[in-house]
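Encoded as structure tokens, the structure appears first; notes follow it.
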Amino acid sequence: MKILLRNMKLINSLLIIMSVLILNCDQGIPSRDLNGNGTIDLYEDNNAEVEKRVEDALSRMTLDEKINLVVGQGMSFGGAESKVEERVPGAAGNTYPIESLGIPTIVLADGPAGLRIQPTREGTDETFYCTAFPIATLVASSWDTELANNIGKAFGNEVKEYGADVLLAPALNIHRTPLAGRNFEYYSEDPLLAGKMTAAMVNGVESQGVGTSVKHFVANNQETNRMLVNAVISERALREIYLRGFQIAIKESDPWTVMSAYNRINGKFASQNPDLLQKVLREDWGYEGMVMTDWFAGNDAVAQMEAGNELLMPGTDQQLEEIRNAVESGELSEEVIDLNAGRILNVIFRSPAFLGYEYSNNPRLEENAITARKAAAEGMILLKNENDALPISGDLADIAAFGNTSYKFIAGGTGSGDVNEAYTVSLVEGLQNAGLTVDEALMETYQEYMEIENAKIPEPENPFMLKPSAPEMKVSKALAEEMAAKADIAFITIGRNSGEFADRELDGDFYLTQREKDMINVVTDAFHAQDKKVVVILNIGNVIEMTSWNSKPDAILLSWQGGQEGGNAVSDILTGKVNPSGKLPTTFPIKFDDIPSSKNFPGEDLSEEMIMSDMGFPIGRESQVVYEEGIYVGYRYFNTFDVPVTYEFGYGLSYTTFDYSDITLTSDTFDGSLEATVKVQNTGDVAGKEVVQLYLTAPDGTLEKPAMELKGFDKTKLLQPGENVNITFTLTPRLLTSYDSERNAFVAEAGTYKIHIGASSRDIRKTATFTLEKELIVETTTNAMVPEISINELSKN
Ligand code: BGC
């Protein structure tokens, strides 16, 4: 008995020790006594339920503290000063620190292609450069969500180690028109591709313990009058095209925050739009994070508070006053302030600043540069490759590099999406790094020219704006012939840059300049006369016109803007070290007028008056743009109305070829879910990856349907010559639907559905059909965002 009792005691003590250990493990994140009162209060307890912590913090805060929290601390810019010391110089904004509770400021910093902070600081020789990753459009061109996730992880490491808490990215507005100045920051004309890339990126960044802000919610599809324009969009186009990517991102990741857009949608500013921020975002999609405004967006702080725009950024004294007055007069209830401040606290509690993370200012820059280089090469697209012009052979003695941009590659666009990187590898540097010889005399001619010409161009007044680059150097027939006689091959780089505040121009930007056309002509004539090849590299941020000149060169590589390692990535492809596998996330039309939005871009001014911002900048005119094309954006339009294009959505070549065979469906009737499998085989001589795309044609019923819509994509692993792999896509009920605005529901209509699996939206290799016997109502929504004016007569759907 005694032995039994002794053993029982022993077991008991063991159990106690174990439970203490478990408790300690459970405690996970250490908590800190932030207010210095000697105990860990509920709000300080990092392991307590977050709602309770928020409630506790709110109960300890004065009304004034809560009001301060919902308005950011301003920014040091154009004479204005931030109200708090900016922990990370060059970051875009900071929140209000609640000193009585020891709750720190959290730092919000841009942007989609790399962390945007100031690279140098007064009083130290230390530098704070960040990695310029490839632009979002290039990332989407990889069609590889794992790659986006890896970039996100690398990105998150820099955000965290440089002391920021929330990254103001990724951005996923739809490429409605190639002229939109910020397209480079956005992924695609297709919401499925954009949404999947965003989710992967958010998951990557947030895996590092920092937040994201998916932006710009919603329909920020142009820069012209962006702070005032009213985008008139049908409910169906909103739900299927413009909102859809955000919905996917919110379902498949957990962005800590969302940034509302500048523009109005159907009469109301996005940031003041309860339909958008409450009905769609929270009721329909169940979003539980926080919404912040875009910088200085909207015109009514009280309406923003009420609409569910919790944080006003960067925050102005006028907004504070408006909110204070409205609370005092009873116009704005304290409950709204509590709700909004509470949602901000919810984010703050997760932030590195709150958790006391000691950042190093020493992120993994070398490793991240390798990630950037690999990613860049995965998203570059081979548009043309005749007579096996590429890959080049390793024994070329002399390469002639034409085009100013060959010597000064563009890493990414301008504005808040710009990154302060330590270097950008140009095309010629990339070639030299690969051991190739670039013609020195030609290089010197270009360098001298650019030095003189660039010195003539004044800095832009607004430092965020694009500084125009030197005009293309004129290449004379004599120079081209001289080079053709001595060099083995010519590369011509065409460069384009754009960014925030301005849309692109048609002439000299979408369409090539005369100098550029002349350069392509004289160089190709001279080199072809010597039986030598010419390759064009497109170092551009978005679509340009190509049909008038693409027959000239032997090969064309769309390198996009590949970040700081762009030149190395291009040379990896040119030399065949990497077999190109990128495909277009956006259509290249034959001419601008072919684009369905072209007659409604950038809309019409409703007044002549130029509106000035509080900080004294002109911000545009009251204007309106009608999205008359409805759901027919990009390939949805070109394929439905049989409009020829230069390069279609999903297009891209490889140094090898792929064969598609053996399509099978798990069933020929749809019963809740269906799988489609296809075999893809590498039939060429070198290893390569293929982006396999699944499009669906839904039956016309009550709702009109586009000819086909992307419903799935996958990238194969690197397939060796002869190797094959089965690719399986799962069709869920939601993927069969279209939005019925009469019924506020996503409906799959009964009938025959056709699956198209292929290498692009116009290179379909295998098809199969299945039937849906009875209509399915898959998702119902609130009745929200109904256009104030009827666009039915204008719109085709
Ligand atoms: C841009 C945002 C950016 C913010 C902060 C705004 O002008 O539209 O994308 O995050 O500035 O820099």
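The values are calculated or read from the model by the stated rules, or taken from the named source; none is laboratory data. Because the structure is predicted, anything quoted here is derived from the model rather than measured. Quick reminder, even Gly has a Cβ in these numbers, built from the backbone with ideal geometry, and neighbours come from all protein chains shown.
Count, please, the residues in the range 208-221 that happen to be at negative phi and either more than 12 Å from the ligand (Cβ to nearest atom) or free of Cβ contacts under 8 Å to residues at least 24 places away in the same chain (or both).
5
Every residue, every condition in (1) of a type in the set (S, T, Y); (2) farther than 28 Å from G114 by Cβ; (3) in contact with a Pro (Cβ under 6 Å, 6 or more places away or on another chain); (4) within 16 Å of the ligand (Cβ to nearest atom), yes or no:
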| residue | (1), (2), (3), (4) |
| --- | --- |
| L506 | no, yes, no, no |
| T513 | yes, yes, no, no |
| I520 | no, yes, no, no |
| H528 | no, yes, no, no |
| D531 | no, yes, no, no |
| V534 | no, yes, yes, no |
| I537 | no, no, no, no |
| S559 | yes, no, no, no |
| G563 | no, no, yes, no |
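Return the total of residues in the range 642-653 being surrounded by 13 or more Cβ atoms within 10 Å (Cβ to Cβ) and either free of Cβ contacts under 8 Å to residues at least 40 places away in the same chain or over 25 Å from the mean Cα position of the chain (by Cα) (or both).
Qualifying residue count, the range 642-653: 1.
When you look at S416, is it out of contact with any Pro (no Cβ under 8 Å at 6 or more places or on another chain) and modelled with pLDDT under 95, yes or no?
Yes: the conditions hold for S416.
Whether any residue in the range 452-470 is buried (at least 20 other Cβ atoms within 10 Å of the Cβ) and either over 30 Å from N368 (Cα atoms) or over 23 Å from the mean Cα position of the chain (by Cα) (or both) is what I want to check.
no
For the range 135-145, state whether one or more residues are touching a Ser or Thr at 6+ places or on another chain (Cβ under 8 Å), more than 16 Å from the ligand (Cβ to nearest atom) and among the aromatic types (F, W, Y).
No, the range 135-145 contains no residue that is touching a Ser or Thr at 6+ places or on another chain (Cβ under 8 Å), more than 16 Å from the ligand (Cβ to nearest atom) and among the aromatic types (F, W, Y).
Scanning for something at positive phi, part of a loop (DSSP other than H, G, I, E, B) and buried (at least 24 other Cβ atoms within 10 Å of the Cβ), does the range 524-535 turn up at least one residue?
No, there is no match, as no residue in the range 524-535 is at positive phi, part of a loop (DSSP other than H, G, I, E, B) and buried (at least 24 other Cβ atoms within 10 Å of the Cβ).
Tell me which helices (runs of 4 or more DSSP H) are completely within the range 231-336 and hold 2 or more residues being surrounded by fewer than 20 Cβ atoms within 10 Å (Cβ to Cβ) and touching a residue at least 60 places away in the same chain (Cβ under 8 Å), or say none if there are none.
317-329
From (1) modelled with pLDDT under 95; (2) farther than 14 Å from L736 by Cα, pick out the condition that doesn't hold for S661.
It is condition (1) that S661 fails.
Could you check T224 against (1) crowded, with 24+ Cβ neighbours inside 10 Å; (2) among the polar types (S, T, N, Q); (3) within 15 Å of the ligand (Cβ to nearest atom) and say which number it fails?
(1)
Taking the range 168-192 as the search range and keeping residues that are polar (S, T, N, Q) and closer than 21 Å to F133 by Cβ, which one is farthest from the ligand (Cβ to nearest atom)?
Per the criteria, the residue is S188.
Can you name the residue in the range 283-341 that is β-branched (V, I, T) and within 16 Å of the ligand (Cβ to nearest atom) and is also modelled with the lowest pLDDT among such residues?
The extreme case among them is T316.
Can you name every residue in the range 577-629 that is polar (S, T, N, Q) and either modelled with pLDDT under 95 or under 30 Å from E709 (Cα atoms) (or both)?
N579, S581, T586, T587, S597, S598, N600, S607, S613, Q624
Could you check the range 462-480 and list, in sequence order, the residues that are within 17 Å of R515 (Cα to Cα) and either within 16 Å of the ligand (Cβ to nearest atom) or in a helix (DSSP H, G or I) (or both)?
K477, A478, L479, A480
Could you list, in sequence order, the residues of the range 400-435 that are surrounded by fewer than 21 Cβ atoms within 10 Å (Cβ to Cβ) and more than 28 Å from Q514 (Cα to Cα)?
Selection gives N420, A422, Y423, Q432, N433, A434, G435.
How many of the residues making up the range 746-766 are under 27 Å from the mean Cα position of the chain (by Cα), surrounded by fewer than 22 Cβ atoms within 10 Å (Cβ to Cβ) and not in a strand (DSSP E or B)?
Adding up the residues that qualify gives 1.
So for the range 97-118 (the condition being of a type outside the set (A, V, I, L, M), within 16 Å of the ligand (Cβ to nearest atom) and either assigned to a strand (DSSP E or B) or free of Cβ contacts under 8 Å to residues at least 12 places away in the same chain (or both)), does at least one residue qualify?
No, every residue in the range 97-118 fails to be of a type outside the set (A, V, I, L, M), within 16 Å of the ligand (Cβ to nearest atom) and either assigned to a strand (DSSP E or B) or free of Cβ contacts under 8 Å to residues at least 12 places away in the same chain (or both).
What pairs come out if I take residues in the range 121-144 that are in contact (Cβ under 8 Å) with a residue 40 or more places away in the chain and pair them with residues that are assigned to a loop (DSSP other than H, G, I, E, B) and among the acidic types (D, E) whose C-beta lies under 8 Å away, six or more apart or interchain?
Y129/E421; C130/E421; T131/E421; A132/E421
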